[in-house]
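Visitor: Next up is a structure, given as structure tokens.
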Amino acid sequence: MMEGKPRLNGHDLRPESVMMSWGYHPEWSEGALKCPIFQTSTFVFRTAEEGKAFFELAYGLREPAPAENRGLIYSRLNNPDLEILEDRLTLWDSAQACAVFESGMAAIATTLLTFLRPGDAIVHSEPVYGGTEYLLHHVLTGFGITPNAFPAGAGPEALERVVTAAKEKGRLALIYVETPANPTNVIVDITHCAEVARRESTDRKILVAVDNTFLGPLWQHPLTHGADLVLYSLTKYVGGHSDVIAGACLGSRELLSEVRALRTFLGTMAGPWTGWLLLRSLETLKLRMTCEMKNARYLADFLADHPRVNRVYYLGHLDEDDPQHEIYRRQCHAPGAMISFDIHGGEAEAFRFLNALKLIKLAVSLGGTESLAEHPATMTHSDIPPQDQSRMGITPAMIRLSVGVEHPSDLIADLEQALEAA
Ligand SMILES: *Cc1c(COP(=O)(O)O)cnc(C)c1O
């Protein structure tokens, strides 16, 4: 476990400059430049005394001595590939600590189970990722935890109303935010949520957790806006190649030690191979996300001008006088690479468009090097009843794009021929 920040002669190094090396020392592995895959279930103690000391720290039986590191014990507790990955992920979000999981859902479920108790109420933005929605409304309810939704983009009064309603149903314990919302790209003001949580906290602190999968970890840093916890599906931009499922939770050392403790007992940690794949992905994270973000602007501009397109949902096109624009300016560094648009017509036209695509693949998920397109109403959001979909702004004519690293002119050529075919 590496502490501190990467510095060079008093100069702070940016995360992208140390993604190839941070937290790993070649002398650990015969001088190997790259971190190997530590494909092992267990670790050998040098002495029985060392084993005893490692367990005392792992189980929190005593505080560590100055400069005493947690030793490696067993790969459900810790593993070098995971620890190095966690050290590198903390740099992007300026977090004190991180825990990595075998999926985004494992990260979200473990984190919520860590901090919620029977009788608690949770307030969450809407829409949230389908798996999270199910967890909140069909799993946690079975443990006596009540979900209360406020619409993303509805303004401060809507949040206040839902907080008041939540407090009538239970002890408000957590505000859960997903921003920008999927698939409408509506943003939620994290600073405002953090202010409400602080104001409503009693002896028990109300936590703010943000699912930062869509813009993070490059274009949005929730901890700097007052959030307590940041969650990721690392399957998306961080993994970035559509070949691995993983998740993460980041925050203070104190909160993360609780999350890690439950991770140990639920066994939701990622394996070494997943950790290693993500270490490799992180080396090109900035390159990929920057290229995808630039490509998305070309595509969004093209779509906005196209006569077959009714409406484009893209953060780079927010009007200056839209209240969303002010939040965007404060909270986001770039518009990211997720675009949704309504084609003229309905489901039939949307399907004809999707079936006609040649270079862009018809698949759910996002954040990979290849561009993907899908139909939220009948795919990612199909379990939401039609009247709720329309309240959330999800129309039958809506298509969601995750823009990849291909040449933008080739992507536009594909969009153009598919719009003709629709
Ligand atoms: C994909 C996704 C998840 C779930 O992550 P998995 O890695 O598939 O478990 C959670 N939140 C958001 C915003 C996602 O896009």
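Visitor: Counting only residues that are more than 18 Å from Ile394 (Cα to Cα) and either among the charged types (D, E, K, R) or within 16 Å of the ligand (Cβ to nearest atom) (or both), which one in region 347-362 is surrounded by the fewest Cβ atoms within 10 Å (Cβ to Cβ)? Let's see the steps before the verdict.
Guide: Restricting attention to region 347-362, the residues satisfying the condition of being more than 18 Å from Ile394 (Cα to Cα) are 352, 355-362.
Then drop every residue that is not either among the charged types (D, E, K, R) or within 16 Å of the ligand (Cβ to nearest atom) (or both), which leaves 352, 358, 361.
Working: Arg352: 15, Lys358: 10, Lys361: 15.
Restricting to residues being more than 18 Å from Ile394 (Cα to Cα) and either among the charged types (D, E, K, R) or within 16 Å of the ligand (Cβ to nearest atom) (or both), the top hit is Lys358.
Visitor: Could you please find all residues in region 360-379 being within 23 Å of Ser281 (Cβ to Cβ) and in a loop (DSSP other than H, G, I, E, B)?
Guide: Correct list: Ile360, Ala363, Val364, Ser365, Leu366, Gly367, Gly368, Thr369, Glu370, Ser371.
Visitor: Could you list all residues from region 257-271 that are part of a helix (DSSP H, G or I) and crowded, with 20+ Cβ neighbours inside 10 Å?
Guide: Taking region 257-271 as the starting set, the residues that turn out to be part of a helix (DSSP H, G or I) are 257-266.
If the condition is that a residue be part of a helix (DSSP H, G or I) and crowded, with 20+ Cβ neighbours inside 10 Å, then Val259, Arg260, Arg263 are the ones that fit.
Visitor: Which one of these does Thr380 not meet: (1) among the polar types (S, T, N, Q); (2) out of contact with any strand residue (DSSP E or B) (no Cβ under 9 Å at 6 or more places or on another chain); (3) touching a residue at least 12 places away in the same chain (Cβ under 8 Å); (4) within 16 Å of the ligand (Cβ to nearest atom)?
Guide: (2)
Visitor: When region 119-136 is examined, which residues are found to be within 20 Å of the chain's Cα centre (by Cα) and either outside any helix (DSSP H, G or I) or within 23 Å of Glu200 (Cα to Cα) (or both)?
Guide: Ile122, Val123, His124, Ser125, Glu126, Pro127, Val128, Tyr129, Leu136
Visitor: So, Pro335, is that one part of a loop (DSSP other than H, G, I, E, B), modelled with pLDDT of 95 or more, surrounded by 15 or more Cβ atoms within 10 Å (Cβ to Cβ) and under 21 Å from the mean Cα position of the chain (by Cα) or not? It would help to see each step written out before you state the result.
Guide: Values: part of a loop (DSSP other than H, G, I, E, B): yes; modelled with pLDDT of 95 or more: yes; surrounded by 15 or more Cβ atoms within 10 Å (Cβ to Cβ): yes; under 21 Å from the mean Cα position of the chain (by Cα): yes.
For Pro335, the condition - part of a loop (DSSP other than H, G, I, E, B), modelled with pLDDT of 95 or more, surrounded by 15 or more Cβ atoms within 10 Å (Cβ to Cβ) and under 21 Å from the mean Cα position of the chain (by Cα) - is met.
Visitor: With the condition kept exactly as written, say whether any residue in region 38-48 is assigned to a helix (DSSP H, G or I) and surrounded by 10 or more Cβ atoms within 10 Å (Cβ to Cβ).
Guide: Checking region 38-48: not a single residue is assigned to a helix (DSSP H, G or I) and surrounded by 10 or more Cβ atoms within 10 Å (Cβ to Cβ).
Visitor: Looking at Lys5 and the list (1) closer than 24 Å to Ser281 by Cβ; (2) at pLDDT 95 or above; (3) of a type in the set (Lys, Arg), which single condition is not satisfied?
Guide: (2)
Visitor: Same structure, new question: Within region 340-354, is even one residue under 28 Å from Leu285 (Cβ atoms), in contact (Cβ under 8 Å) with a residue 24 or more places away in the chain and of a type in the set (Val, Ile, Thr)? Spell out how you get there, then give the answer.
Guide: The initial filter retains those residues of region 340-354 that are under 28 Å from Leu285 (Cβ atoms), namely 340-341.
Cutting the leftovers down to in contact (Cβ under 8 Å) with a residue 24 or more places away in the chain gives us 340-341.
Filter once more, so that each one left must be of a type in the set (Val, Ile, Thr): none.
Checking region 340-354: not a single residue is under 28 Å from Leu285 (Cβ atoms), in contact (Cβ under 8 Å) with a residue 24 or more places away in the chain and of a type in the set (Val, Ile, Thr).
Residue-wise test of (1) out of contact with any Cys (no Cβ under 8 Å at 6 or more places or on another chain); (2) away from the ligand (no atom under 16 Å from the Cβ).
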| site | (1), (2) |
| --- | --- |
| Ala53 | yes, yes |
| Leu57 | yes, yes |
| Gly71 | yes, yes |
| Arg76 | yes, yes |
| Pro80 | no, yes |
| Asp87 | no, yes |
| Trp92 | yes, yes |
| Ala97 | yes, yes |
| Ala106 | yes, no |
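Visitor: Can you tell me which residue is nearest to the chain's Cα centre (by Cα) among those in region 137-168 that are touching a residue at least 40 places away in the same chain (Cβ under 8 Å) and loosely packed, with under 15 Cβ neighbours inside 10 Å?
Guide: Taking the candidates together, the pick is Gly155.
Visitor: Among the residues of region 89-115, write down those that are surrounded by fewer than 23 Cβ atoms within 10 Å (Cβ to Cβ) and part of a loop (DSSP other than H, G, I, E, B).
Guide: If the condition is that a residue be surrounded by fewer than 23 Cβ atoms within 10 Å (Cβ to Cβ) and part of a loop (DSSP other than H, G, I, E, B), then Ser94, Gln96, Glu102, Ser103 are the ones that fit.
For (1) within 15 Å of the ligand (Cβ to nearest atom); (2) among the hydrophobic types (A, V, I, L, M, F, W, C); (3) over 26 Å from Tyr59 (Cα atoms), each residue gets a yes or a no:
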site: Thr224; (1), (2), (3): no, no, yes
site: Leu234; (1), (2), (3): yes, yes, yes
site: Gly239; (1), (2), (3): yes, no, yes
site: Ile245; (1), (2), (3): yes, yes, yes
site: Thr264; (1), (2), (3): no, no, no
site: Ala270; (1), (2), (3): yes, yes, no
site: Cys291; (1), (2), (3): no, yes, yes
site: Tyr298; (1), (2), (3): no, no, yes
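Visitor: So, one more: Here are some residues: Arg311, Arg253. Which one is surrounded by fewer than 23 Cβ atoms within 10 Å (Cβ to Cβ), more than 14 Å from the ligand (Cβ to nearest atom) and closer than 17 Å to Leu77 by Cα?
Guide: After applying the criteria, what remains is Arg253.
Visitor: Please enumerate the residues belonging to region 1-37 that are outside any loop (DSSP other than H, G, I, E, B) and polar (S, T, N, Q).
Guide: Pass one, region 1-37, residues outside any loop (DSSP other than H, G, I, E, B): 7-8, 11-12, 15-18, 26-29.
Listed by number, the residues that qualify are Ser17, Ser29.
Visitor: Of Ala209, Ala194, which residue is more than 10 Å from the ligand (Cβ to nearest atom), over 14 Å from the mean Cα position of the chain (by Cα) and not in a loop (DSSP other than H, G, I, E, B)?
Guide: Ala194
Visitor: For Thr202, only one of the following conditions fails: (1) among the β-branched types (Val, Ile, Thr); (2) without any contact (Cβ under 8 Å) to a residue 40 or more places away in the chain; (3) in contact with a helix residue (DSSP H, G or I) (Cβ under 7 Å, 6 or more places away or on another chain). What is its number?
Guide: With respect to (1) among the β-branched types (Val, Ile, Thr); (2) without any contact (Cβ under 8 Å) to a residue 40 or more places away in the chain; (3) in contact with a helix residue (DSSP H, G or I) (Cβ under 7 Å, 6 or more places away or on another chain), Thr202 is out only on (3).
Visitor: Among the residues of region 139-155, is any within 16 Å of the ligand (Cβ to nearest atom) and either in a helix (DSSP H, G or I) or hydroxyl-bearing (Ser, Thr, Tyr) (or both)?
Guide: yes
The values are calculated or read from the model by the stated rules, or taken from the named source; none is laboratory data. Predicted model, so just to flag it, every value in this text is computed and none were measured. Note that we place each Cβ from the backbone using ideal geometry, even for glycine, and neighbour counts take in every protein chain shown.
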